[in-house]
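Taken together, the values in this text are just the output of simple stated rules run on the coordinates, not laboratory data. What you are looking at is a predicted structure, and each value in this text was computed from that prediction instead of being measured. Cβ placement follows ideal geometry from the backbone for every residue including glycine, while neighbour counts extend to all protein chains displayed.
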There are 2 protein chains.
Amino acid sequence: MQHKRISVFAPASVANVGCGYDILGFALHEPGDRVIMQLNDTGKVTLDRVEGDDGLLPRDPGKNIVSAVVNYFLKKTGITQGVSIELYKQMPFGSGLGSSSASAVAGLVAINELMGTPLTREELLPLAMEGERLACGNAHADNVAPALLGGLVLIRSYDPLDVIRLPYPENLYVGILYPHVEIPTLEARKILKTNIAVTDAIKQWGNIAGLVTGFCTQNTELIGRSLEDFIIEPVRAMLIPRFYEMRKIATDHNALGFGISGSGPSVFTLCQNKETARKILLLLQELLNKDGIGSTPYLSAINKTGPLVEWIN
Amino acid sequence: MQHKRISVFAPASVANVGCGYDILGFALHEPGDRVIMQLNDTGKVTLDRVEGDDGLLPRDPGKNIVSAVVNYFLKKTGITQGVSIELYKQMPFGSGLGSSSASAVAGLVAINELMGTPLTREELLPLAMEGERLACGNAHADNVAPALLGGLVLIRSYDPLDVIRLPYPENLYVGILYPHVEIPTLEARKILKTNIAVTDAIKQWGNIAGLVTGFCTQNTELIGRSLEDFIIEPVRAMLIPRFYEMRKIATDHNALGFGISGSGPSVFTLCQNKETARKILLLLQELLNKDGIGSTPYLSAINKTGPLVEWIN
């Protein structure tokens, strides 16, 4: 008997989205990770293959995020099932694009589909968040929620978990640039302050309210002028080469806005069309090239559907 | 020749609206203040009559907020004109309902109409904010903006000033209770902290994003569960008698939410219909009566139009 086998692609995502630290994120069409999973008779979860990570990810099924979340799934559903996993990393990690989220979501959607979808996508979310805790010490949801649910997602509250898919203008286009410098997420979180001035907090929540209003009412100008982050960006920007020059290039060339993707070093620019985003990415690459810093560009609309079951048989 | 004469009513307003400290406010239909104004030939701005204030407001035209904002208007427009002002206070002050805003807005709309509307409502806003600075030391906009523009207003930014009228579900009804205890706005602002924990700020901006999304997408349940204020309310609630008992009564009786109006002591409950708001107000009054604390209730939908020119001749 041929055991059931599935291929799932799960997308990268942009967390924070300017001023929405820890509460906003959206999914991209590319890059992302692919998991191929097959049921087996061993009763064990095995990690048979990991590619595209330069050998850097754990091969121990207890430590690798994909096998870990599959085990969370089996425990949660009370299912006993052997599973063979192959992980094809197709995106950089430590890039600020939700690499661990893409892997975890691909793994969870794969096992859920193979088992006949006992859980909804929303029910998979806490399991994906546990994967984030394993990967970076904090069960945040601003990458896993968009990667899993697709679209633009607000995490209104963590306790209780309250996740809302927001409307947004269909014409938005995202340019991503991943500069080839290293900023581990843990370090990027460590340099943040634990206390902030109320006056800064008020500016921040004015912008968050404006940003969300812009998305909900399809007001792209309001989105653009609301993206600025007064709290996190001023601290993290110093870890990213030529951040403010890149911002100026983006805004000088009709971007709606520019900011750090997650904890960086990737940056994103939100634009009204693909051509604008493409042109800005080329200029940003040129700028970093002058310093001998390589970079990878990605162009994508906001990905409304999230993970994709590529085939199942 | 009969000089032109006008009567303008400007409404009270609820600032902050739960978690939206300094950035959100909405106008009410009642209470409010009335200004009757007449042009004259003296070349001077005079304050001929002030009623309804128990003699507590300044009679000096340089210090009274209505004559002050009329002078700001004349200076701004370069108009030289004598004006006689009568102010009929029809709402309590120090109540947290934007009393000074209602007076300032009534005065500004009256003089602007008498002069043939040289300024738009939006252009009157900075002048009304200067009135707020005179009245309470801070040029905040979360009362004057809704009182002047009507509806539910977001002040996204103060510098530059960026004010956005938000959509909201038409069926919302507001119950206001003004307990007869005194909390001067200046004092209420003084007890606030100047620094807050980032973790609390994140909870707050999650709620603000949820609240604004609820308003924009007509999701009353989301509005209800997003109103909670983690930063300001815990400090100010202690100045309001039986605040948490009042909240429990409201939520036990189907209120969407309950909070402090402005800096208090007035409280508001947001409901899905008038009957719910009326019933809750009666129960709150009963509760405060037990302590011998009198209170004034107001029932109102959100006032979409703002100030009202009652007559001009």
Completion exercise
Under the 7 Å Cα-to-Cβ spin-label approximation, B:Asp60 and A:Thr42 lie apart by a distance in nanometres of 8.8 nm
Problem - Shape category assigned to the range B:173-301 from the gyration tensor of Cα positions, a/c cut at 1.5 - result: oblate
Fill in the blank from the handout: Taking every residue of B:58-64, the Cβ atoms of other protein chains inside 10 Å of its Cβ average out to 0
Exercise for the section: Set the Förster distance to 35 Å, then compute FRET efficiency between B:Arg49 and B:Ala301 from the Cβ-Cβ distance, nearest 0.05. Expected result: 0.65
Practice task
Note down the nm distance, to one decimal, between modelled labels 7 Å out along Cα→Cβ at A:Leu192 and at B:Val309.
Solution key: 5.1 nm
Exercise for the section: Apply the membrane-span-like helix rule to chain A: whole DSSP H runs, Cα extent along the own long axis of at least 15 Å, mean Kyte-Doolittle hydropathy at least -1.0. List the helices found. Expected result: A:65-77, A:99-114, A:121-136, A:198-216, A:274-290
Practice task
On a C-alpha basis, how far is the centre of the range A:253-311 from the centre of the range B:1-28 in Å? Whole number, if you could?
Solution key: 44 Å
Problem - Largest-first principal axis extents of the Cα set of the protein assembly as shown (Å) - result: 100, 61, 36
Completion exercise
Cysteines of chain A without any disulfide-compatible partner (other Cys Cβ under 4.7 Å) are A:Cys19, A:Cys136, A:Cys271
Fill in the blank from the handout: Under the 7 Å Cα-to-Cβ spin-label approximation, A:Asp291 and A:Lys75 lie apart by a distance in nanometres of 4.2 nm
Handout entry: Per-residue Cβ neighbour rank within 10 angstrom, fewest leading, B:Val50, A:Val66, A:Val45
Key = B:Val50, A:Val45, A:Val66
Handout entry: Listed residues B:Thr117, B:Thr194, B:Thr296, most fluctuating in chain B (Gaussian network, C-alpha, under 10 Å)
Key = B:Thr194
Practice task
Apply the Karplus parameterisation 6.51 cos²θ - 1.76 cosθ + 1.60, with θ equal to phi minus 60°, to every residue of the range A:296-313 and state each ³J(HN,Hα) to the nearest whole Hz, in sequence, with x for glycine and proline.
Solution key: 10, x, 9, 10, 7, 6, 5, 8, 6, 9, x, x, 10, 7, 7, 7, 8, 7
Problem - Averaged over B:210-218, number of beta-carbon atoms from partner chains that fall within 10 Å - result: 6
Fill in the blank from the handout: Output field shielding_mean for B:192-204 (other chain Cβ, 10 Å radius) holds 6
Problem - Loop-resident sites, the range A:150-231, for GluC sites (Glu not before Pro), counting at most 12 other Cβ within 10 Å (DSSP) - result: A:Glu170, A:Glu182
Problem - For A:Ser263, A:Ser101, order by how many other beta-carbon atoms lie within 10 Å, fewest first - result: A:Ser263, A:Ser101
Completion exercise
Asserting the computed 222 nm helical MRE of the protein assembly as shown (DSSP H runs at least 4 long, -39500 (n - 2.57) per run, divided by residue count, to nearest 500) equals -11000 deg cm²/dmol
Completion exercise
Among the range B:71-94, those whose backbone N falls under 13 Å of a label point 7 Å along Cα→Cβ from B:Arg5 are B:84-86
Fill in the blank from the handout: Using the Kirkwood formula on alpha carbons, the hydrodynamic radius of chain B in angstrom works out to 19.6 Å
Completion exercise
With no solvent term and unit scatterers on the alpha-carbon positions of the range B:247-304, Debye gives log₁₀ I(q)/I(0) at q = 0.16, 0.21 Å⁻¹ of -0.47, -0.81
Handout entry: Axis-nearest residue in chain B [Cβ, rotation onto A], distance in whole Å
Key = B:Cys216, 2
Fill in the blank from the handout: Ordered by fewest other Cβ atoms within 10 Å, a rough proxy for footprinting exposure, A:Lys44, A:Lys76 read A:Lys44, A:Lys76
Problem - Reachable aspartates and glutamates, given that their alpha-carbon falls under 15 Å from the alpha-carbon of A:Lys279 and they are not under 8 places away in the same chain - result: A:Asp252
Handout entry: Considering only chain B, percent of DSSP beta bridges that pair antiparallel, nearest 5
Key = 90 percent
Handout entry: Total charge dipole magnitude, the range A:173-301, about the Cα centre, Cβ charges on Lys, Arg, Asp, Glu only, Debye to nearest 20
Key = 60 debye
Exercise for the section: Distances from A:Leu283 to the same position in the other copies: list them in nm, one decimal, shortest first, using label points 7 Å from Cα along Cα→Cβ. Expected result: 5.9
Practice task
Would you please state the base-10 log of I(q)/I(0) at q = 0.16 1/Å for the range B:107-247, with intensities from the Debye formula using one equal scatterer on every alpha carbon?
Solution key: -1.17
Completion exercise
At q = 0.15, 0.20 Å⁻¹, the log10 of I(q)/I(0) for the range B:1-143 from a Debye sum over equal Cα scatterers comes to -0.68, -1.21
Completion exercise
Taking a ≥ b ≥ c as the square roots of the Cα gyration tensor eigenvalues, with a/c under 1.5 meaning rounded and otherwise prolate when a/b beats b/c or oblate if not, the range A:205-244 comes out prolate
